[in-house]
Amino acid sequence: MGSGYSSYERELKGIMAGDRTLLNRYRRIATTVETLHSLDQLEERPFLVIRTAGSHGFDLLALRDGVALPIEVKCSGEETIHFTASRGRNMEQYEQLTRQTFRAGQVLLYAYRLMGMRAEDPWRLFRASNGDTKGVARLIANHTPEIDATSQGNQVLRWKDGMPLLAFLHMVLEISQ
């Protein structure tokens, strides 16, 4: 995942933080009036996004109107990421982050960036299993696709099964109004 990986974290951070240049790129792929309106809302009142990158926590924390979104960023040129790859570090991290966010009543989100994607939204959002979330976190969890598991119980991200970032942002902005 190397040095290019952090550029994808910065990309997602910039989009959620209302960076005009990044939002304009997204306006070109927005297909509905609702998603265009969401991008306008985001530019006017963005998330406060804190990059928390490190080996012991999630990558981004996005805050807006009392909504807290802990986000782990993953990227790949492949359409599937198996958490058991890389000696199981992703699986251990998933379990640790899930415990931490559930204890706080939050929903852990995974943002998956498919590298090389040009014509459509390259980001997909997923959530860790629902757990005991409440309030807005529960609403977000109920509307965001869950990370899939293999027959052996190991987590796997399948890009095609995730929620496009534009749809996710529209949903979160609608819920938090």
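Some points to look at:
- Restricting the calculation to alpha carbons of the chain gives Rg and Dmax of 15.2, 45 angstrom.
- Close amide H partners of residue 74, meaning residues 5 or more places away or on another chain with modelled amide H under 5 Å apart, are 111, 112, 113.
- Dividing the helix sum by the residues of the chain, where each DSSP H run of 4 or more adds -39500 (n - 2.57), gives a mean residue ellipticity at 222 nm of -12500 deg cm²/dmol.
- Projected label points at residue 95 and residue 63, each 7 Å from Cα along the beta carbon direction, are separated by 3.1 nanometres.
- Residues residue 48 and residue 154, FRET efficiency given R0 of 41 Å [Cβ-Cβ distance, rounded to 0.05]: 0.75
- Note on residue 6/residue 29: beta-carbon distance plugged into 1/(1 + (r/R0)^6) with R0 of 22 Å gives a FRET efficiency of 0.45.
- Restricting the stretch 89-141 to GluC sites (Glu not before Pro) that sit in a DSSP loop and have at most 15 other Cβ atoms within 10 Å of their own Cβ leaves 120.
- Once both labels are positioned 7 Å from their Cα atoms along Cα-to-Cβ, the gap between residue 79 and residue 142 label points is 3.1 nm.
- In range of the label at residue 117: residues from the stretch 123-148 whose backbone nitrogen is under 11 Å from the point 7 Å along Cα→Cβ: 123-126
- Each Cα pair under 8 Å and six or more residues apart adds its separation to the average, and for the chain the resulting relative contact order is 19 percent.
Each value in this text was obtained by applying a stated rule to the coordinates, not by laboratory testing. Small disclaimer: the values here were computed from a predicted structure and weren't measured. Cβ atoms come from the backbone with ideal geometry, glycine included; neighbour counts cover every protein chain shown.
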